[in-house]
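Colleague: Have a look at this one.
The values are calculated or read from the model by the stated rules, or taken from the named source; none is laboratory data. Keep in mind the model is a prediction, meaning the values are calculated, not measured. Here Cβ is always computed from backbone atoms with ideal geometry, including for glycine, and neighbour counts include all displayed protein chains.
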Amino acid sequence: MNIVQVVNIRWWNAIAEYGISLSKGLYKRKHQVFVVGEKNTPPVIKAEGWGIPTFTHFNLNKPWCFLSDFFRLRKFLKKEKIQIVNAHYGAGFFILALAIKSLQLENSNFKIGLVRTRGEMRPPKNNWFNRIIHQKAVDKLIVSSDFVKKLSVNSLNLSESKITTVYPFVDTEKFRMDGGQEKLHKKLHIEENIMLVGIVGRLDPVKGHRFFIEAARKISVKNPNVKFLIVGDEKNIKIKDLERIAGNPGIRNKIIFTGFCSNVSDMMNLCDIGVVASIGSEAISRVTMEWMSVGKPVVGTKVGSIPEIIQEEITGFLVPPGDSDLMAQKIDFLLKNKKKAQIMGKEGRKHIENVFTRDIFIKKMEEIYSEIIRLKDNR
């Protein structure tokens with residue numbers, strides 16, 4: 001198949017990772033793949049690093065470049081005989097739809113499928129113009145979770161048959177069950193008899209570190225043999241702010257801040273329990289999958305796609321966002337029931353291997369694209 005992935009995002013986030021990971025997977029399976037985006041942006045740089053052809057002669061994020069983008073797109077799509085265009089971002093989407101429609105009106109034999117992929121927490125714009133584009137121009141809306149699907153159905157008035165959920169995948173080779181972290185234990189000054197509870201993600205209020213620390217304070221009173229690991233770089237909150245939340249030195253000394261960490265998988269393997277304490281976001285909760293992939297039981301909040309990933313009482317526990325009391329209770333249960341925690345961790349790894357692998361992700365996308373092309377050819 002000849003496929004264009006439009007990832008015109010200027011930064012690196014879960015949506016960009018979804019689009020570029022998909023591009024890499026399809027490219028490795030010998031499809032002709034192009035990544036369209038802005039020059040020198042993280043998604044384009046990643047794609048180029050993997051040898052994927054990129055096209056950066058567009059300014060889809062700049063409305064005043066409408067006409068030049070329109071004609072460049074037409075020429076590009078026609079020249080490369082593109083069969084599928086998959087847009088991962090809203091900016092410039094109307095231009096894509098218009099360019100494809102104009103080519104089809106010019107030549108009825110020119111058949112190209114338009115896919116819109118959504119992985120945002122924000123619902124689509126609920127106006128007649130946006131609804132018409134999705135109802136008339138889009139062949140398939142792909143969403144990263146059923147949570148996003150519900151938002152899209154409500155806002156766009158689409159039939160559920162036009163929307164398909166394709167969960168992202170986790171790299172099960174990188175995030176694998178792996179013991180032997182003695183060097184890290186020494187580096188972080190963690191004693192042998194200490195159990196470790198971890199949270200991974202940028203330091204941002206939406207990630208719920210405040211409630212993780214509040215839960216840590218409650219647990220520490222009952223259990224002196226536990227420490228808490230906070231992995232992530234400072235974004236919208238500083239480490240000193242979180243230390244202030246921790247309060248007295250007795251609690252602060254039980255919390256280890258690593259800052260930015262390149263070996264996230266090793267840090268996760270160091271822990272006995274993983275926590276995802278988010279109070280928002282998590283339309284694509286890759287970190288939840290990563291905790292499960294390394295074989296750790298997860299205590300996660302009922303936010304975004306997290307409840308779709310964690311199997312309650314099988315691979316972990318779900319708690320309301322902001323409820324540090326219940327979070328502490330569930331963590332404490334796992335600390336006291338080590339065998340149960342280990343079983344949950346193994347079940348989590350098994351669930352990842354059955355549902356959230358790269359092969360499952362890519363094959364499902366191939367099936368969707370192939371079906372669109374087949375339907376187009378039969379019209």
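Colleague: Which members of segment 325-369 meet the condition of being outside any helix (DSSP H, G or I) and of a type in the set (A, V, I, L, M, F, W, C)?
Modeller: Matches in segment 325-369: 356 only.
Colleague: If you don't mind, another one. Whether any residue in segment 288-295 is polar (S, T, N, Q), in a helix (DSSP H, G or I), outside the structural domain of residue 88 (by TED's automatic domain parsing) and at pLDDT 90 or above is what I want to check.
Modeller: Yes; the residues of segment 288-295 include at least one that is polar (S, T, N, Q), in a helix (DSSP H, G or I), outside the structural domain of residue 88 (by TED's automatic domain parsing) and at pLDDT 90 or above.
Colleague: I need every pair where a residue in segment 86-106 that is buried (at least 21 other Cβ atoms within 10 Å of the Cβ) has its Cβ under 6 Å from the Cβ of a residue that is of a type in the set (Gly, Ala, Ser), sequence separation at least 6 or different chains.
Modeller: Sorted first by the residue in segment 86-106, then by its partner, the pairs are 88/19; 93/87; 96/87.
Colleague: Kindly establish whether residue 144 is surrounded by fewer than 20 Cβ atoms within 10 Å (Cβ to Cβ), of a type in the set (Ser, Thr, Tyr) and modelled with pLDDT of 85 or more.
Modeller: So residue 144 does not fit the description; no.
Colleague: Under 6 Å between Cβ atoms, at least 6 apart or on separate chains: pull out the pairs that start in segment 141-163 with a residue that is within 22 Å of residue 22 (Cβ to Cβ) and assigned by TED's automatic domain parsing to the domain that holds residue 127 and end on any residue that is outside any strand (DSSP E or B) and acidic (Asp, Glu).
Modeller: Between residues of segment 141-163 that are within 22 Å of residue 22 (Cβ to Cβ) and assigned by TED's automatic domain parsing to the domain that holds residue 127 and residues that are outside any strand (DSSP E or B) and acidic (Asp, Glu), the close pairs are 145/308; 146/308.
Colleague: Here's something else I'd like to know. Does residue 157 fit the bill of being of a type outside the set (Ser, Thr, Tyr) and within 28 Å of residue 276 (Cα to Cα)?
Modeller: Judged against the criteria, residue 157 is not a match.
Colleague: Does any residue of segment 1-11 turn out to be of a type outside the set (S, T, N, Q), surrounded by fewer than 17 Cβ atoms within 10 Å (Cβ to Cβ) and at pLDDT 95 or above?
Modeller: Within segment 1-11, not a single residue is of a type outside the set (S, T, N, Q), surrounded by fewer than 17 Cβ atoms within 10 Å (Cβ to Cβ) and at pLDDT 95 or above.
Colleague: Anything in segment 310-324 that is part of a loop (DSSP other than H, G, I, E, B) and in contact with a Phe, Trp or Tyr (Cβ under 6 Å, 6 or more places away or on another chain)? List them, or say none.
Modeller: 322
Colleague: If I go through segment 216-246 residue by residue, how many of them are closer than 15 Å to residue 327 by Cα and either touching a Gly at 6+ places or on another chain (Cβ under 8 Å) or hydroxyl-bearing (Ser, Thr, Tyr) (or both)?
Modeller: Qualifying residue count, segment 216-246: 3.
Colleague: For segment 56-63, state whether one or more residues are within 23 Å of residue 372 (Cβ to Cβ), free of Cβ contacts under 8 Å to residues at least 60 places away in the same chain and surrounded by 21 or more Cβ atoms within 10 Å (Cβ to Cβ).
Modeller: So in segment 56-63, the residues within 23 Å of residue 372 (Cβ to Cβ) come out as 58, 60.
Filter again for free of Cβ contacts under 8 Å to residues at least 60 places away in the same chain, leaving 58, 60.
Then drop every residue that is not surrounded by 21 or more Cβ atoms within 10 Å (Cβ to Cβ), which leaves 58, 60.
Yes, there is a match, as at least one residue in segment 56-63 is within 23 Å of residue 372 (Cβ to Cβ), free of Cβ contacts under 8 Å to residues at least 60 places away in the same chain and surrounded by 21 or more Cβ atoms within 10 Å (Cβ to Cβ).
Colleague: Testing residue 315 on (1) within 21 Å of residue 218 (Cβ to Cβ); (2) in contact with a strand residue (DSSP E or B) (Cβ under 9 Å, 6 or more places away or on another chain), one condition comes back false. Which one is that?
Modeller: (1)
Colleague: Here is a check on your reading of the model: is residue 24 basic (Lys, Arg), part of a helix (DSSP H, G or I), without any contact (Cβ under 8 Å) to a residue 60 or more places away in the chain and within 21 Å of residue 364 (Cβ to Cβ)?
Modeller: Yes.
Every residue, every condition in (1) in contact with a helix residue (DSSP H, G or I) (Cβ under 7 Å, 6 or more places away or on another chain); (2) part of a loop (DSSP other than H, G, I, E, B); (3) under 21 Å from residue 300 (Cα atoms), yes or no:
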{"position": "245", "(1), (2), (3)": "yes, no, yes"}
{"position": "257", "(1), (2), (3)": "yes, no, yes"}
{"position": "269", "(1), (2), (3)": "no, no, yes"}
{"position": "274", "(1), (2), (3)": "yes, no, yes"}
{"position": "280", "(1), (2), (3)": "yes, yes, yes"}
{"position": "284", "(1), (2), (3)": "yes, yes, yes"}
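Colleague: Could you tell me which numbered condition residue 345 fails, if it satisfies all but one of (1) over 23 Å from residue 172 (Cα atoms); (2) buried (at least 18 other Cβ atoms within 10 Å of the Cβ); (3) of a type outside the set (D, E, K, R)?
Modeller: Status for residue 345: all satisfied but (1).
Colleague: Do we have any residue at all in segment 69-77 that's under 29 Å from residue 364 (Cβ atoms), touching a helix residue (DSSP H, G or I) at 6+ places or on another chain (Cβ under 7 Å), in a loop (DSSP other than H, G, I, E, B) and at pLDDT 90 or above? Steps first, please.
Modeller: Initially, segment 69-77 is screened for residues under 29 Å from residue 364 (Cβ atoms), giving 73, 76-77.
Of the ones still in play, those that are also touching a helix residue (DSSP H, G or I) at 6+ places or on another chain (Cβ under 7 Å) are 73, 77.
Next, from what is left, pick out any that are in a loop (DSSP other than H, G, I, E, B): none.
Within segment 69-77, none of the residues are under 29 Å from residue 364 (Cβ atoms), touching a helix residue (DSSP H, G or I) at 6+ places or on another chain (Cβ under 7 Å), in a loop (DSSP other than H, G, I, E, B) and at pLDDT 90 or above.
Colleague: Also, quick follow-up: Looking for something over 22 Å from residue 12 (Cα atoms), surrounded by fewer than 24 Cβ atoms within 10 Å (Cβ to Cβ), β-branched (Val, Ile, Thr) and at pLDDT 95 or above - is there at least one such residue anywhere in segment 311-318?
Modeller: Yes: one or more hits.
Colleague: Please go through segment 282-300 and pick out each residue that is free of Cβ contacts under 8 Å to residues at least 40 places away in the same chain and either of a type in the set (Val, Ile, Thr) or more than 21 Å from residue 313 (Cβ to Cβ) (or both).
Modeller: Result: 288, 299.
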